[in-house]
Amino acid sequence: MNIVFEEKKESFWIDTKDTTYVIGLADGAYVGHVYYGKKLPATGRDTFDTAGALRILEMPFSPKEKPGEKVNFLDGFPAEFPFGGVGDYRESAVEITGKNGFTACEFLYDSYEVSREKPKLAGLPQTFGEESLTLTLCLKDKVLGATLYLKYTIFEDSDAIVRSACLKNDSDEDIFIDKLYSAGLDLDDADYEMLSFYGYWTKERCIERKPLRHGRQSVNSTRGITGHQSQPFIALVSPETTQKQGDVYAMHLIYSGNHIAQAELTAFDQVRLSIGISSERFRWKLAPGEQFQTPEAVVLYTGDGLGGMTRELHDLYKNHLIRSPYLHRERPVLINNWEATYFDFDEEKLLSIAREAKDCGIEMLVMDDGWFGHRDADDSSLGDWTVYEKKLPHGLKGLADKVNEIGLKFGIWMEPEMISPDSELYREHPDYALAIPGRAPSLSRNQLVLDLSRPEVVECVWRQIEAVISSANIAYVKWDMNRPLADLGSMVTRADRAGEIAHRYMLGVYELQERLVTRFPELLLENCAGGGSRFDPGMLYYCPQIWCSDDTDALERLAIQEGTAMLFPLSTIGAHVSICPNHITGRTTPWCMRGNVALAGTFGYELDITKLSSKEKEEIRRQIKTYHDCQELIREGDYYRIASETETGTHDCVQVVSRDKKESLVLYVQTRAIPNGRSRRLNLQGLDPDTVYDVTISIAGREFGEEDVENTSVHSGGELMEMGLSVPAMEGDGRPVRIVMRKN
Ligand code: DGJ
C-alpha cells in the first residue's frame, strides 16, 4: 500500500495490494484520470506516458497549448471528477448554482495531502481501519469561492479505493449544490458490459449484464431508500469475464437513500462511470463557511473476475465497515412469528411457539409486527410504541421474562420511521409526517413517513425506542421500513432548504441507528425494509445482518441470495426456513431444500412450529445441528459461486472455504431432475491444489424424513478444482447435497 506524488510527471500514484490507480494533472490545473488496473512497478514512473493518457499532446491539445479549443479539450478529457458547464458535456459529478444564479463550475488543482489517519465523516456510515492511507486532493473554483476535497482511502489488506467528495463554501454568499457525486471514473472502452441489479418486492437483487451502448445508462432510486428496484452499484466487465477471471471495474455506494450509478459511453468510445446521491429532487444550500460531505463510494478493479470482485467486497465490508460485535459471533437460531400468525397473536400463542421452539433447539423468539398501540392490521398505531395490552397483558417485560424462563432469548420488531394516521402521535403531531403543505400526503401500506429531517422528530422517536428497549430483556431488534418516501415536504422547512429533505431524512435514520447501537452495544440489530428494500452497505455500518426478502420460497431464494451474495457476505444475509405451500409463491419445496438454502445466510425459522408434526420437528432438530456444525465456516469463510440456478435451470451450487484452506463446504441443490440424467462434475474453487482432502458427500433422501446417504472419498484440491467432483444424478426436484471437505 502506498500513495506518492511523482513530481516530474505531476501524477499521484495509489498502490493497493494488487492494483495501481494514477491521477495526473494537465497544465498543472486540470485533474485527470490516467490509469486504473493491474499493479504497475514502482520503476519508470518518471517516464510514464501521463500526457498520452490525458490526451494533452494530441488535438485539440490542452488549454495552455490551444486556449481557443478549451471546450473540445474538456469534452474529451478523462476527468477525475468532472465539472459541468464550461465544456465537458458528459455527466458531471458536481453542479453548483452560484450567487448570480448561473450554474457552471471549474475546479482546478490547488494542493494535496496524504494522511495516515482516515478522516471521520460526520453523521454518515463509513469505512474504518488502522492501517490506511488517505490522499486528499484540494481543488478550487476561484469564481465561486468554493473548495472541493476529493478523498481516496486505501487499506493494507484490500484492493478497494474508498472515495468521497466534500465541498466547502469559502465565499461570503450562499451557494447551492445541485449535484455532488461521490466518485467518477473515466476509462477507454474495451467492449465493456454493464452489470447492475434490479428487482421488486419478493424479487430483490436480480443480476443484469448487458453490453454497453452509446449514451447514458443508469440504475437509480428516488424513493428515499435504496429500494427493491435498485442497488447503488455498477460494474463494467469485459465480455470474457466469468466468476474466475476477467476485468471488473465496480463501484458501490455506502448509502441507503436516493442514488444513481451510471455508465456513459461516448462516440469516441470513452466510458464515464459515476456514482453518488441522485441529483433528482436534491438541492443543498451551503452558507458561507459550511461544507457538504458526500457518502463514500467503494471503487474496485480486479482482474480475477466476478468471484474476485465478490471476495474483495466481502472482505472490505467485514474488515472495514461492519462494526457490530456479532460480526464474528455465532448468531442465535431464531424463530419469527410473522408468517406463523401475522397480526393475530397474543402472549399465550407466542409462549406456545417459544416452548416448541426451545424443544427443537431454537434459541430466540422474535415477536414481529402487531404488539403495540391497538394494531390488529397494518392500518394503525405506528408511532405509538406502547404495548397493546389486549395481546400482551403482562407487558413486554412480562413476555420477555417468560420467554427467557423457557430458555430463549427475546427479540422484537419495530418500524421507527413511520406514523399511522390512526395513532396518538399523529393526532398530537400531524406535522411530524412528511407532507407538502396544502397537499394530502400519499399513503402506502396505510402509513406515512415521519419527517426525520427534523431533529425534534428524531429526538421524539429516539425517546420511544430507548424506552421500549430498556423496558425488558430485549436481545434483538428487527428494524423495519415498509414504504418509500413521497411528498417530500415539511411543515417547518424553508423553501431554500426544501431540496435537502431526502438526504437529511437519511441522516436522521443514521443518527437513530447510531444512538441505538451506542446505547445498547450488545443488541443484535437486523435491518429490514419490506423484505430486502434497504440491503446496502450503508445499513451494514450499523448492523451485522439484513432481512434479505419476504420471499422465503427456497427456489426463489436461490436467485435472490445469489444476487445479494455477489456483493454482501453470507453472514449478513437474513435467511429463514418457512412453511409450505409457501405464502408468497404457493410452491411446495422439500424441507431439506429449505434448510440447505437458509444455511447460506443467518438461519432461522418463519413458521408456526406448534402446528408441525413430530417428524417435521425432528427435521428442524437435524437442520439446527447442521447449522451449528457449519455456521463458522459459512460466516468466516471465503465465498465461491460454482453454479447459478438462474443460468443452469437445473441446479445451484455455492462453496465456502476456510481462510487457511483446510476446510470447505459446498451447498448444492438439484432444482430440477433430468430424466435419465448423468452425474455432474462440480469444479470446485479456492482449495489448496496440493492439499489432500477427506470429502464427505451427504445426499438428502428422496422421501421426507429419510436419512442422508453419505459417501466418503479422498481427493487432492487440484483434482477437485480441475477435474471436478462427481455428484450423482438423482431423482426428484429440490434435492440438496452437502459436501464437506477437510484436510486429510
Ligand atoms: C415486512 C417484513 O419484511 C416482514 O418480515 C414483516 O416484518 C412485515 N414487514 C411486518 O409488517
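The values are calculated or read from the model by the stated rules, or taken from the named source; none is laboratory data. Everything numeric in this text was worked out from a predicted model, so none of it was measured. FYI the Cβ positions are ideal-geometry reconstructions off the backbone, even for glycines, and counts take in every protein chain you see.
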Would you be able to say whether some residue in the range 544-553 is more than 16 Å from the ligand (Cβ to nearest atom) and aromatic (Phe, Trp, Tyr)? no
Does Gly586 satisfy the criteria of being on the phi > 0 side of the Ramachandran plot and either free of Cβ contacts under 8 Å to residues at least 40 places away in the same chain or under 18 Å from the mean Cα position of the chain (by Cα) (or both)? yes
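Among the residues in the range 636-647, are any modelled with pLDDT of 95 or more and more than 19 Å from Leu306 (Cβ to Cβ)?
Just the residues of the range 636-647 that are modelled with pLDDT of 95 or more, to begin with: 636-647.
Keeping just the survivors that are more than 19 Å from Leu306 (Cβ to Cβ) gives 636.
Scanning the range 636-647, I find at least one residue that is modelled with pLDDT of 95 or more and more than 19 Å from Leu306 (Cβ to Cβ), so the answer is yes.
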Being surrounded by 17 or more Cβ atoms within 10 Å (Cβ to Cβ), touching a residue at least 24 places away in the same chain (Cβ under 8 Å) and either away from the ligand (no atom under 16 Å from the Cβ) or not in a loop (DSSP other than H, G, I, E, B) (or both) narrows it down to one of Leu382, Leu399, so name that one. Leu399
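Search the range 1-24 for residues being among the aliphatic types (A, V, I, L, M) and in contact with a Lys or Arg (Cβ under 9 Å, 6 or more places away or on another chain), and hand back the single one that is nearest to Leu316 (Cα to Cα). Even if it seems obvious, please write down each step before you answer.
Residues of the range 1-24 that are among the aliphatic types (A, V, I, L, M), as a first pass: 1, 3-4, 14, 22-23.
Of the ones still in play, those that are also in contact with a Lys or Arg (Cβ under 9 Å, 6 or more places away or on another chain) are 1, 4, 22.
Numbers: Met1: 15, Val4: 23, Val22: 22 Å.
Top of the filtered list is Met1.
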Can you confirm whether Ile609 is away from the ligand (no atom under 16 Å from the Cβ), of a type in the set (A, V, I, L, M, F, W, C) and closer than 22 Å to Met367 by Cα? yes
Show the residue pairs meeting these rules: Cβ distance below 6 Å; 6+ apart or different chains; first residue within the range 515-533 and under 15 Å from Ser256 (Cα atoms); second residue away from the ligand (no atom under 16 Å from the Cβ). none
Quickly run through the range 493-537 and pick out the residues that are charged (D, E, K, R) and within 16 Å of the ligand (Cβ to nearest atom). Glu526, Arg534, Asp536
From Gln245, Gln229, Gln293, residue being surrounded by fewer than 22 Cβ atoms within 10 Å (Cβ to Cβ), among the polar types (S, T, N, Q) and either closer than 23 Å to Pro78 by Cβ or in contact with a Leu (Cβ under 9 Å, 6 or more places away or on another chain) (or both): Gln293
Does Tyr639 count as under 20 Å from Asp315 (Cα atoms), among the aromatic types (Phe, Trp, Tyr) and not in a loop (DSSP other than H, G, I, E, B)? yes
Among the strands (runs of 3 or more DSSP E) confined wholly to the range 128-216, which include 2 or more residues that are aliphatic (A, V, I, L, M)? 132-141, 146-155, 161-169, 175-188, 193-200
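Answer yes if at least one residue in the range 438-448 is assigned to a loop (DSSP other than H, G, I, E, B), within 26 Å of the chain's Cα centre (by Cα) and at pLDDT 95 or above, and no otherwise. Let's see the steps before the verdict.
Taking the range 438-448 first, the residues assigned to a loop (DSSP other than H, G, I, E, B) are 438-443, 445-446.
Those still in the list that are within 26 Å of the chain's Cα centre (by Cα) too: 445.
Checking which are at pLDDT 95 or above leaves us with 445.
Checked the range 438-448: at least one residue is assigned to a loop (DSSP other than H, G, I, E, B), within 26 Å of the chain's Cα centre (by Cα) and at pLDDT 95 or above.
Report, by residue number, each residue of the range 349-371 that is outside any loop (DSSP other than H, G, I, E, B) and either out of contact with any helix residue (DSSP H, G or I) (no Cβ under 8 Å at 6 or more places or on another chain) or on the phi > 0 side of the Ramachandran plot (or both). Break it down stepwise before answering.
Pass one, the range 349-371, residues outside any loop (DSSP other than H, G, I, E, B): 349-360, 364-367.
Hits for the range 349-371 are Met364, Val366.
For (1) surrounded by 15 or more Cβ atoms within 10 Å (Cβ to Cβ); (2) in contact with a helix residue (DSSP H, G or I) (Cβ under 6 Å, 6 or more places away or on another chain); (3) among the polar types (S, T, N, Q), each residue gets a yes or a no:
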| position | (1), (2), (3) |
| --- | --- |
| Phe5 | no, no, no |
| His33 | yes, no, no |
| Tyr36 | yes, no, no |
| Asp46 | no, no, no |
| Ala53 | yes, no, no |
| Leu57 | no, yes, no |
| Glu113 | no, no, no |
Output yes when any residue across the range 482-505 is without any contact (Cβ under 8 Å) to a residue 40 or more places away in the chain, over 24 Å from Arg329 (Cβ atoms) and in contact with a strand residue (DSSP E or B) (Cβ under 7 Å, 6 or more places away or on another chain), and no when none is. no
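Among the strands (runs of 3 or more DSSP E) contained in the range 1-112, which hold 2 or more residues that are among the small types (Gly, Ala, Ser) and closer than 25 Å to Val271 by Cβ? Talk me through it step by step, then tell me what you get.
Values: elements: 2-6, 11-15, 19-26, 30-38, 94-97.
Filter on the range 1-112 gives 19-26, 30-38.
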Note on the range 516-537: residues in contact with an Asp or Glu (Cβ under 9 Å, 6 or more places away or on another chain) and either crowded, with 24+ Cβ neighbours inside 10 Å or charged (D, E, K, R) (or both) are Arg519, Asn527, Cys528, Ala529, Gly531, Gly532, Ser533, Phe535, Pro537
Taking Gln464, is it over 27 Å from the mean Cα position of the chain (by Cα) and modelled with pLDDT of 95 or more? yes
Scanning the range 333-354 residue by residue, those among the hydroxyl-bearing types (Ser, Thr, Tyr) and either touching a residue at least 60 places away in the same chain (Cβ under 8 Å) or more than 13 Å from the ligand (Cβ to nearest atom) (or both) turn out to be Thr341, Ser352
Quick check on the range 529-542. Is at least one of its residues assigned to a loop (DSSP other than H, G, I, E, B), small (Gly, Ala, Ser), under 30 Å from Lys285 (Cβ atoms) and at pLDDT 95 or above? yes
Assess whether Thr564 counts as being farther than 21 Å from Glu417 by Cβ, within 16 Å of the ligand (Cβ to nearest atom), of a type in the set (S, T, N, Q) and assigned to a helix (DSSP H, G or I). yes
Scope the range 444-481; condition without any contact (Cβ under 8 Å) to a residue 40 or more places away in the chain and within 16 Å of the ligand (Cβ to nearest atom); matching residues: Leu448
